[in-house]
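Before any comments, here is the structure.
The values are calculated or read from the model by the stated rules, or taken from the named source; none is laboratory data. What you see is a predicted model; the values in this text were computed from it and never measured. Backbone-built Cβ (ideal geometry, glycine too); neighbour counts: all protein chains shown.
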Amino acid sequence: MSKLWGGRFTKETNQLVEEFTASISFDQQLAKEDIEGSMAHVTMLGECGIIPTEDAETIKKGLQTILAKVEKGEVQFQVEHEDIHMNIEKLLIDEIGPVGGKLHTGRSRNDQVATDMHLYLRHKTEEFIQLLTNVQKAFLQQASENVDTILPGYTHLQRAQPVSFGHHLMAYFWMFERDKERLQDSLKRVNMLPLGAGALAGTTFPINRERVAELLHFETVYPNSMDAVSDRDFILEFLSIASILMTHISRLSEELVIWSSQEFQFIELDDSFCTGSSIMPQKKNPDVPELLRAKTGRVYGNLIGLLTVLKGLPLAYNKDMQEDKEGMLDTVATLDGSLRLLAPMIETMQVNKDKMKRAVKEDYSNATDIADYLVTKGLPFREAHEVIGKIVLYSIQHKKFLLELKIEEYQQFSPLFEEDIYPILEPEHVVAARNSLGGTAPNQVRAQLKLAYEKLAK
């Protein structure tokens, strides 16, 4: 079958070349955006008198018919037509006749494909912002219910200081808030229209790019036609943001895996987000967070892949840039699935408050508060630090925790110790004492929650 661009060629394309260079297997996901962009383009062509108004209307009706078929799954795209743009144009010509060939007046596949991806990423970015909001709501719900729940806080995965579990969960809320802000900011660069740039140098037709931008709700147009068709910064930015976001999801997933283990038992994930073993009937495996942790790697790979594709390309368009889509589409699918799973998994997570409380009573994470106690008694912090180090060593050697030591034992290390040391060592007091702005004290966590709710309300 002859190509729509085949006039200059004397031979049919080798079948292997067709299969190797075709992108329709994946860029068919851009069908809606391709038609959306074409509708705006042909509207402008008609308004500017570049094609007759009646032809523009005929083309628009034909495109609407094709869109309806696409949405119903009634369209079979063909490899011999290479990509979504040529497939749609062939379908249009089949639908309304030769007048469909006027659609491509004043544009190239180079500016067309760039426009499709701008539209696609705008739609997906807006969806991800909402999905992230749903995830944040799940964290707010759990954090609100666990302001007074205490668990060990860790550094180096060693117990450090007791913290509010609500405070711990809110750390992820703010990570996702930054991710959301990055997505929102990226829309400024996504909302730029490349259409009208032609293949690389613009067009001889008296087009109105601003009108197309208006119809497609773009904030601005690319001021340079070569940059318009060769720019993939907006995809790189999306992949970068997605990589940071998946890093946050992966860190959370690691904690969920650890916390749900027999060794910790701090939480239990709902059965609907776990699987069993084919041989060990007692197993409840945290497969969802494990897969979320693993899928982070493929998102990183998509970012590095596109950076590598672009790093040596001269201006303007090169066929290499066809490789921009699969990684982007894969990242969109990965992010979409991850965020849709994350919110309900966090919402349904059971918190084992008693297990957490026992954990903070059976460690030495209140040691810093003894040092602070001695400082209030007049001892320099460095000297207090050394005294407490010796007390912890003594406690370990005698298989006791700090609350189990008698006052006489404390006084072996410093005469400054009195009976008032014991209330200070209670986990509730240790947590409440961290009352600095952004600290883990319950009233600070509640203030943080109030700020978070206000942010979501905006």
### Query
Is there a residue in the range 435-458 that is under 42 Å from the mean Cα position of the chain (by Cα), outside the structural domain of residue 132 (by TED's automatic domain parsing), part of a helix (DSSP H, G or I) and more than 30 Å from residue 251 (Cα to Cα)?
no
### Query
How many residues does the range 136-151 hold that are surrounded by fewer than 23 Cβ atoms within 10 Å (Cβ to Cβ) and part of a strand (DSSP E or B)?
0
### Task
For the range 334-344, state whether one or more residues are part of a loop (DSSP other than H, G, I, E, B), of a type outside the set (S, T, N, Q), buried (at least 16 other Cβ atoms within 10 Å of the Cβ) and out of contact with any Gly (no Cβ under 7 Å at 6 or more places or on another chain).
no
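Determine if the range 293-300 includes at least one residue that is on the phi < 0 side of the Ramachandran plot, part of a loop (DSSP other than H, G, I, E, B) and not β-branched (Val, Ile, Thr).
Within the range 293-300 (the criterion being on the phi < 0 side of the Ramachandran plot, part of a loop (DSSP other than H, G, I, E, B) and not β-branched (Val, Ile, Thr)), the answer is no, since none of the residues qualifies.
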### Query
Do you know which residues across the range 63-104 are surrounded by fewer than 17 Cβ atoms within 10 Å (Cβ to Cβ), under 13 Å from residue 39 (Cα atoms) and β-branched (Val, Ile, Thr)?
65
### Message
Looking at 238, 218, can you tell me which residue is aromatic (Phe, Trp, Tyr) and out of contact with any strand residue (DSSP E or B) (no Cβ under 7 Å at 6 or more places or on another chain)?
### Response
238
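If you go through the range 323-346 one residue at a time, do you hit one that is hydrophobic (A, V, I, L, M, F, W, C) and over 22 Å from residue 132 (Cα atoms)? Break it down into steps so the answer makes sense when it comes.
If we filter the range 323-346 for residues that are hydrophobic (A, V, I, L, M, F, W, C), which is where we start, we get 328-329, 332-333, 335, 339, 341-343, 345-346.
This time we only want the ones that are over 22 Å from residue 132 (Cα atoms), so: none.
Looking through the range 323-346, none of the residues is hydrophobic (A, V, I, L, M, F, W, C) and over 22 Å from residue 132 (Cα atoms).
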### Query
Under 8 Å by Cβ, and 6 or more places apart or on different chains, what pairs join a residue from the range 195-208 that is touching a residue at least 24 places away in the same chain (Cβ under 8 Å) and under 17 Å from residue 39 (Cα atoms) with one that is of a type in the set (A, V, I, L, M, F, W, C) and assigned to a loop (DSSP other than H, G, I, E, B)?
196/207; 207/48; 207/50; 208/48
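Answer yes or no as to whether residue 365 is buried (at least 22 other Cβ atoms within 10 Å of the Cβ) and in the same structural domain as residue 405 (by TED's automatic domain parsing).
When the stated conditions are applied, residue 365 passes them.
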### Query
Any residue at all in the range 251-260 that is surrounded by 18 or more Cβ atoms within 10 Å (Cβ to Cβ), polar (S, T, N, Q) and over 30 Å from residue 318 (Cα atoms)?
yes
## Note on the structure
For the range 1-58, the count of residues that are outside any helix (DSSP H, G or I), under 40 Å from the mean Cα position of the chain (by Cα) and at pLDDT 70 or above equals 1
### Summary
Going through the range 59-76 in order, the residues found to be farther than 27 Å from residue 322 by Cβ and either within 36 Å of the chain's Cα centre (by Cα) or not in a helix (DSSP H, G or I) (or both) are 60, 64, 65, 68, 72
### Message
With the requirement that a residue be charged (D, E, K, R), surrounded by fewer than 15 Cβ atoms within 10 Å (Cβ to Cβ) and either under 28 Å from residue 250 (Cα atoms) or modelled with pLDDT under 95 (or both), what does the range 152-211 give you?
### Response
178, 181, 185, 188
### Message
If I filter the range 212-243 down to residues being acidic (Asp, Glu) and under 24 Å from residue 106 (Cα atoms), which single residue comes out as surrounded by the most Cβ atoms within 10 Å (Cβ to Cβ)?
### Response
231
### Summary
When every residue in the range 77-105 that is within 32 Å of the chain's Cα centre (by Cα) and without any contact (Cβ under 8 Å) to a residue 60 or more places away in the chain is compared, the one farthest from residue 53 (Cα to Cα) is 77
### Task
Look at the range 376-391 and say how many of its residues are part of a helix (DSSP H, G or I) and surrounded by 15 or more Cβ atoms within 10 Å (Cβ to Cβ).
5
### Message
Can you say whether residue 96 is touching a Lys or Arg at 6+ places or on another chain (Cβ under 6 Å) and at pLDDT 95 or above, as far as the supplied structure shows?
### Response
no
### Summary
All conditions in (1) in contact with a helix residue (DSSP H, G or I) (Cβ under 7 Å, 6 or more places away or on another chain); (2) closer than 18 Å to residue 161 by Cα; (3) surrounded by 14 or more Cβ atoms within 10 Å (Cβ to Cβ); (4) modelled with pLDDT of 95 or more are true of residue 452 except (2)
## Note on the structure
All-but-one check, residue 349 against (1) out of contact with any Pro (no Cβ under 6 Å at 6 or more places or on another chain); (2) modelled with pLDDT under 95; (3) under 30 Å from residue 272 (Cα atoms); (4) crowded, with 18+ Cβ neighbours inside 10 Å, failing number (2)
